[in-house]
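Taken together, the values in this text are just the output of simple stated rules run on the coordinates, not laboratory data. Note that the structure is predicted; figures quoted are calculated from it, not measured. Backbone-built Cβ (ideal geometry, glycine too); neighbour counts: all protein chains shown.
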Amino acid sequence: MRILVLCPHFAPDTAPTGTVITRIVEELAARGHHIEVVTALPWYRSHAIEPGWGGKWSRSETVPWGRITRVHPFPGTDKRNLLRRAVGFAGFNVLSTLVGSVRRADAVIAMSPPLTMGLTGWLCTVFGRPRRPLVFNIQDVFPDAAIQTGALTNPKVIAVARWLEKISYRCADAVTVLSDDLATNVRAKLPAKLADKVQVIPNFVDTAAIEVGTSDTSYRAELGIAADQPVVMYAGNVGFSQSLELMIGAARALPEAVFVINGGGAAKAALQEQAAGLSNVYFGDFQPAERLSEVLATADVHVVPLRTGLGAVSVPSKTYSILAAGRPVLASIDPGTEVTRMLAAADAGVAVPPDDQQAFTAALAGLLADPAALHAMGANGRAWVEKAMSPATVAERYETLITGLRS
């Protein structure tokens, strides 16, 4: 088949969703499919086009499995300015539609966020001849996540976003989500007769690329952390969806442990202010993808924190990578949601209610007091992802879905 993939990020861009879709494309290509990717010029790391990629509105390259076309993303450096981001996304969607609609394809996969990629995908199916089916891939349910964090409060804007969300779901031939929680959320916004179009296909983890390593890493040495100090780490986007102030509170209560917040984002400066004077809190920058195994191995425990209400609309993909690295997880997240079920199934960590400082600190203290249990949880997580979350399995499920839509 010839498959058109529309996505906001693709390698070498560093966004987690870019990593996900890049590997899905590679696996589909390995199954013999021709892929046309339409994406943005790399911009995620600093919310500005990366050096060496600017100067053109569009760049196209031929690769062994097809072609990648990158268009201008109109980035804004202030992630909190939703109007500026919306305008940027609109510009990116217009360019993506212009490029994607003239590409030959038997099917289209469009990835969200941004939510507008659903309409972009639909327009590419309408303008393309003959009409090709659209698979709308949802990584986070929007606008629910933005409303829960308080980033979106204007009733008129929310109403427009809700309308766009429903239209996007209805226009798609299939909507794929990462968990049963997200599926329940999306199905509730569709007529009962359309509920079957929502399919659960979880993200994968690349256990070949992410290795289990010793915690005495070069990255630990770069940060100035001794080899025998227990390390608690958050690695990922430092945004307002994550309750990272829990780590600052725990650092005050557990001075014997070292806390590392690795990454960048809109909330980082505020966290650095909160951590002023704490000698056991370290902040690291985004690291190249090839150092992912090393960064993850540096920690004894990884933290996956989401604010109240977000566990049912978002599944942090970092959880899979942490388990692949053989490290246990402390999740601060809504009970009964996908991450809590995952940790229970794998016996690979502990989950506490979101935004509960006392529960978070107590659970962390218990984990750090039992190194043998930490090691066992890490091994359990690695074994679980090797069995259940391979990239080839995920790509096969997309292939099966698309084949069924075309029949």
Quiz item: Which entries in Lys189/Lys268; Lys166/Lys387; Lys268/Lys318; Lys156/Lys197 show an alpha-carbon gap greater than 30 Å?
Solution: Lys189/Lys268; Lys166/Lys387
Exercise. Considering the options Ala227, Pro191, Ala208, tell which one lies farthest towards the positive end of the dipole of the stretch 191-233, charges being +1 on Lys and Arg and -1 on Asp and Glu at the Cβ, about the Cα centre.
Key: Pro191
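Please compute the Kirkwood hydrodynamic radius of the chain from all pairs of different C-alpha atoms, in Å with one decimal.
21.8
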Self-check item: Rounded, prolate or oblate (a/c below 1.5 giving rounded, otherwise prolate when a/b exceeds b/c) for the stretch 218-388 by Cα gyration tensor
Solution: rounded
Quiz item: For the stretch 301-316, in order, what is each residue's ³J(HN,Hα) by Karplus, 6.51 cos²θ - 1.76 cosθ + 1.60 with θ = phi - 60°, in whole Hz (x at glycine and Pro)?
Solution: 9, 10, 10, 10, x, 10, 5, 3, x, 8, x, 8, 10, 8, 10, x
Quiz item: For helix 16-30, what angle does its Cα long axis make with the longest principal axis of the chain, in degrees from 0 to 90 and rounded to 10?
Solution: 60
Exercise. For Val352, list long-range residues whose amide hydrogen, built 1.01 Å from N in the peptide plane, is under 5 Å from its own amide hydrogen.
Key: Ala331, Ser332, Ile333
Quiz item: Most mobile of Pro316, Pro133, Pro191 per a Gaussian network model of the chain (Cα springs, under 10 Å)?
Solution: Pro191
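So for Cys124, Cys171, fewest C-beta neighbours within 10 Å to most, what's the order?
By the 10 Å Cβ count, ascending: Cys171, Cys124.
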Self-check item: Residues whose placed amide H lies under 5 Å from that of Val5, excluding near-sequence neighbours
Solution: Glu36, Val37, Val38, Ile109
Quiz item: Given H placed 1.01 Å from N in the peptide plane, which residues other than close sequence neighbours of Gln199 have an amide H under 5 Å from its amide H?
Solution: Val175, Thr176, Val177
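Within a 10 angstrom radius of the beta carbon, how do Met1, Met389 rank from fewest other beta carbons to most? Walk me through the numbers before you get to the answer.
Values: Met1 16, Met389 19.
Ranked by crowding around the Cβ, least crowded first: Met1, Met389.
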Quiz item: For the chain, what is the charge dipole size about the Cα centre, in debye to the nearest 20, if Lys and Arg each add +1 at the Cβ and Asp and Glu each add -1 at the Cβ?
Solution: 2060
Quiz item: Normalised by the number of residues in the stretch 1-43, what is the relative contact order in percent for Cα pairs under 8 Å and 6+ residues apart?
Solution: 58
Practice problem: Based on other C-beta atoms within 10 Å, arrange Val350, Val157 from fewest to most. | Solution: Val157, Val350
Quiz item: Put +1 on the Cβ of every Lys and Arg and -1 on every Asp and Glu Cβ in the chain; which of Pro64, Val313, Ser243 then has its Cα farthest towards the positive end of the dipole?
Solution: Pro64
Quiz item: Per-residue ellipticity at 222 nm for the chain, helices alone: DSSP H runs ≥ 4 residues times -39500 (n - 2.57), over residue total, nearest 500 deg cm²/dmol?
Solution: -12500 deg cm²/dmol
Quiz prompt | Those lysines that a straight Cα-Cα span of less than 27 Å connects to Lys56, excepting residues fewer than 8 apart in one chain | solution = Lys79
